[in-house]
Amino acid sequence: MIKKTIAQPPEKFTGIEETQIPHSAVGFKAIKSALTHIADEVGIVKGVGLLAKLNQKDGFDCPGCAWPDPDEKRSFLAEYCENGAKAVAEEATKMRVSPMFFALNSVADLGTLSDYELGKKGRITNPMYLKEGATHYEEISWDNAFNLIGKTLNGLDSPDEAVFYTSGRTSNEAAYLYQLFARQYGTNNLPDCSNMCHESSGSALSETVGIGKGSVILDDFKHADLVIVMGQNPGTNHPRMLTALGETKANGGKIISVNPLPEVGLKNFIEPQNPLKWLGNGTDLSDLFLQVKINGDVALLKAILLLLLQKEQANPGKVFDHKFIVEQTSGYETLIADLRTYNLDELVAQTGLQFDEINEAAEMIANNEKIIVCWAMGLTQHKNGVDNIREVVNLLLLKGSIGKVGAGTCPVRGHSNVQGDRTMGIWEKMPEEFLAGLDAYFDFKSPRKHGYDVVKAIDAMHKKEARFFLGMGGNFNSATPDTEFTAEALRNCDLTVHISTKINRSHLVHGKEALILPCLGRTEIDKQASGEQFVTTENSMGVIAQSVGHLTPLSEYLKSETAIVAGIAKATLKNTKVDWDALAGNYDLIRDAVEATIPGFDKYNERVRVPGGFYLPNNARDNDFTPTHTGKANFTINELSDIVLDKGHYMMMSIRTHDQYNTTIYGLNDRYRGILNERRVVFMNQQDVDEAGLKKNDLIDLISHFEGQERLAEKFIVIPYSIPRGCTATYFPEANVLVPLKSVARISNQPTSKTVVISVRKSA
Ligand SMILES: Nc1nc2c(c(=O)[nH]1)N[C@H]1C(S)=C(S)[C@@H](COP(=O)(O)OP(=O)(O)OC[C@H]3O[C@@H](n4cnc5c(=O)[nH]c(N)nc54)[C@H](O)[C@@H]3O)O[C@H]1N2
Ligand SMILES: Nc1nc2c(c(=O)[nH]1)N[C@H]1C(S)=C(S)[C@@H](COP(=O)(O)OP(=O)(O)OC[C@H]3O[C@@H](n4cnc5c(=O)[nH]c(N)nc54)[C@H](O)[C@@H]3O)O[C@H]1N2
Ligand SMILES: [Mo]
């Protein structure tokens, strides 16, 4: 087994405490927690002023999740949530990581800190450089940093030896320039966090309904008869979604949640807007909770489809929308023929649920027409992640529940601009139409060979077929699977560069040489040659809106992401016809280029200046499925999960706590699951704990098994929890070392962070 290095967070035990799992999400405690983080990190006066600008039409887009803001009036308290406030606190912190800090702390010293401790050191103030063989980062000028990058890139044998990663906080303007630079340099190696996030959704939705994005808008939640929330924990990861679910309920709609865990946010919710309600009982959300086994969703959906078919036969024309099926879809007969080959009892057994529960869900679906299905990582991060979503689409198409008010697909995005970055061309395989548009406008020829996604990029760096890594945000070392393998891949590079706001583990796992380039955050004023700039983002429902920073930048040495890309491009590209200074000096010019090269951005500069922004076109929302390969919405045939657990093996999902933003650890509590002050825990079913001869709070090692290989993560505290037999849960990124790089979803090549087969043993 591979040796543990500083690529993994150290095993620091912080003194676990348990607390009662709360009855409701949000409410008074959430507001208190938000304000505590703001007061501690930013200071209360500045912090509250900042929150007043969060998600307001003249303010900045929350750097937290991609959940949309209401189109209509926005209330002061409602438009941010506890975790949005934490995201702001994290960025606007008073703490600084200066050149002095790096002089005092070697890379090895920093490696002994936990991710939580690293993050709390504060914002990076100056560009930093790690010489070959050096132990400490030292200050470097921007010009020297850009020249080093240019020299390294120009020294590679082929542009395909460079990898340009993007995390999803990058604005549309910076993302557009970044992909333009990568393509002018000569590669499509543009992997992004989306490869690990909603890639399965994009693959499934493009094929079935002709657009890789969701079809609903926020208002649809007010009109839905039924919302099904699958594999998602909105109470923690998209708290403002609870308001939308509350509206569904207030208007008489019903909610089904499908999750291996009884997540608090899906049970009950206390509105933050109305202080009079803070101490009340809140709104009950889920009408039916299906505690499915990890990876049991295809079986569950197939069982539901089979039951719907039976109900349709008993009551012809009452369950399926035949008009929609005939006019708008392709593959109905094949789907029905395939469904009939399944045995209901076998399907039910794979879900871990009772027949009656599934039948109740099928009844609710049969009796309602306007259905929204929401999902996130619980469906996408599996070997059959694409199948999960295609099966969701099968259900919606049978009901005609797409392309009309109150109905449709709702993949809930993660990073606040991950969807926009894709729209801007951050993808290793952008279609010909996009590339041709870029070529025509900028008068060059972009490469056509597909680039590396995240998994392929790691593999290429590991094989030394790629030797340069640039991260536009993110934390590549810690967010990706197979931590020690990925770390070796990064260490194989000649140069690793990170454009970051805060210090993270990827800065410590470096190539021969390394750079950290500090950038402005969304909360800060972005002043360029033509004056103060705003940037734009796209939320989960396709709204493009502006985001304006309000704080004075924390250091005079910070540059905007756009300016950094322009600096790198100028130092690298010899024959570019692009006026990089002009674009970086006035973001309106970037938006003009976007308008000219990407459909849906007509009058971009004008429309984005209207408060609230504008919607991008969405064929599925408009009930038009002609962009698919058949010209219709496609039913698909999907296979059941073929993973069979050996005796003593468990399925492990790696999930987020309530106090983290991906690899950024805000705090050590997972309040909604009753765990305080500790991250190294493993949730197990009580009967599994008993059968394994373990007890609560025992320390165990986790060993993952994949194609005859084993991977080890030591010392996790056993927590008996309400989770189906054979299922376990750990936190990301501590458990990433267990996720094998080659364990990926079919078609989308997305890492299977939620289907990891493990065994356990008592720690020595
Ligand atoms: N505060 C905060 N907000 C965030 C983030 C954050 O880290 N912190 N991250 C952002 C990002 S990038 C993303 S992608 C989203 C992530 O948002 P989520 O997808 O909600 O995040 P996860 O914690 O990965 O939770 C997945 C949920 O799926 C369930 N699940 C796991 N496996 C299965 C399964 O096989 N079937 C079913 N039905 N359910 C399953 C888990 O129990 C869990 O409730 O949140 C975004 N917002
Ligand atoms: N095991 C497991 N692994 C997972 C997941 C899982 O559920 N389980 N989820 C996956 C998912 S859904 C995702 S999206 C990825 C996330 O992968 P990434 O996006 O790569 O990771 P983050 O932790 O969000 O990145 C945090 C870093 O971004 C930098 N940063 C923050 N704000 C800014 C900014 O405004 N500009 C710039 N340039 N930098 C900034 C900071 O330095 C911070 O340390 O992880 C994936 N990995
Ligand atoms: Mo994500």
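The values are calculated or read from the model by the stated rules, or taken from the named source; none is laboratory data. The structure presented is a predicted model; accordingly, all values stated were derived computationally and were not measured. Here the Cβ is made from the backbone with ideal geometry for all residues, glycine too, and neighbour counts use every protein chain on show. Areas reflect the complete protein model, heavy atoms only, side chains present, ligands, DNA and RNA absent. Shrake-Rupley method; radii C 1.70, N 1.55, O 1.52, S 1.80 Å.
Measuring between their Cα centroids, the stretch 732-764 and the stretch 568-632 lie 36 Å from each other. Size descriptors for the stretch 1-51 (Cα atoms only): Rg and Dmax, in that order, 17.7, 51 Å.
In the chain, the ratio of gyration radius to Kirkwood radius, Rg to Rh, stands at 0.94 when only Cα atoms are counted.
Taking K and R as +1 and D and E as -1, what net charge do the other residues with C-beta under 14 Å from the C-beta of residue 660 add up to? Around residue 660, the charge tally is +1.
Between residue 3 and residue 763, 0.36 nm times their residue separation minus their Cα-Cα distance comes to what? Let's see the in-between values first.
Details: separation 760, 0.36 × 760 = 273.60 nm, distance 1.64 nm.
Value of the extension gain: 272.0 nm.
Residues within the reach of a label modelled at residue 629 (point 7 angstrom out along Cα to beta-carbon, backbone nitrogen below 20 Å), restricted to the stretch 212-227, are 212-213.
Within the accessible surface of the chain, defined with a 1.4 Å probe on protein heavy atoms only, the carbon and sulfur portion equals 52 percent. For the stretch 444-458, the residues whose backbone nitrogen is under 19 Å from a point 7 Å from the Cα of residue 432, taken along Cα to Cβ, are 444-451. By the Cβ rule of 4.7 Å, the chain holds the following cysteines without a possible disulfide partner: 62, 65, 81, 193, 197, 493, 519, 727.
Within 11 Å, Cβ to Cβ, of residue 311, how many net charges do the neighbouring residues add up to if Lys/Arg are +1 and Asp/Glu are -1? Numbers along the way, then the final one.
Numbers: positive: 318; negative: 312, 363.
Residues near residue 311 contribute -1 overall.
The stretch 202-276 and the stretch 415-467 have Cα centres lying 32 Å from one another.
Evaluated at q = 0.09, 0.11, 0.16 Å⁻¹, a Debye calculation over the C-alpha positions of the stretch 207-411 (equal weights, vacuum) places log10 I(q)/I(0) at -0.32, -0.49, -1.04. The gain in end-to-end length when the residue 448 to residue 465 segment is fully stretched comes to 4.2 nm, 0.36 nm per residue minus the alpha carbon separation. Taking amide hydrogens as placed 1.01 Å from N in the peptide plane, the amide H of residue 675 sits under 5 Å from those of 19, 670, each at least 5 positions away in sequence or on another chain.
Please work out the average accessible area per residue across the stretch 461-501, using the 1.4 Å probe convention, and give it in Å². Don't skip to the end; give the middle numbers.
Values: 900 Å² over 41 residues.
Roughly 22 Å² per residue, with all protein chains present.
Working out 0.36 nm times the residue gap between residue 71 and residue 586, then minus their Cα-Cα distance, what length gain in nm do you get to one decimal? Write down the numbers at each step before the final one.
Values: separation 515, 0.36 × 515 = 185.40 nm, distance 2.77 nm.
So the chain would gain 182.6 nm between residue 71 and residue 586.
What's the center-to-center distance, using Cα atoms, between the stretch 1-38 and the stretch 86-100 in Å? Measuring centre to centre over Cα atoms gives 19 Å.
Among the protein heavy atoms, those of residue 541 account for about 10 Å² of accessible surface (1.4 Å probe, every chain in place).
Answer with one residue from 171, 253, 28: the one whose Cα lies farthest towards the positive end of the charge dipole of the chain, charges on Cβ with Lys, Arg +1 and Asp, Glu -1. So the residue we want is 28. Normalised by 2.2 N^0.38 Å, where N is the number of residues, the C-alpha radius of gyration of the stretch 650-762 stands at 1.04.
Suppose only helical runs count, i.e. DSSP H with n ≥ 4. What mean residue ellipticity at 222 nm does that imply for the chain under -39500 (n - 2.57) per run, divided by all residues and rounded to the nearest 500 deg cm²/dmol?
Working: 29 runs with 254 residues, N = 764.
About -9500 deg cm²/dmol.
Loop-located chymotrypsin sites (Phe, Trp or Tyr not before Pro) in the stretch 330-391 (DSSP state other than H, G, I, E, B) with a sparse environment of at most 12 neighbouring Cβ atoms within 10 Å are absent.
Computed 3J(HN,Hα) for the stretch 296-308, one whole-Hz value per residue from the Karplus formula 6.51 cos²θ - 1.76 cosθ + 1.60 where θ = phi - 60°, is x, 6, 5, 4, 4, 5, 5, 4, 5, 4, 5, 5, 4, glycine and proline marked x.
Take the Cα of residue 103, go 7 Å toward its beta carbon, and the backbone nitrogen atoms of the stretch 117-136 under 17 Å from that spot belong to 125-131, 135-136.
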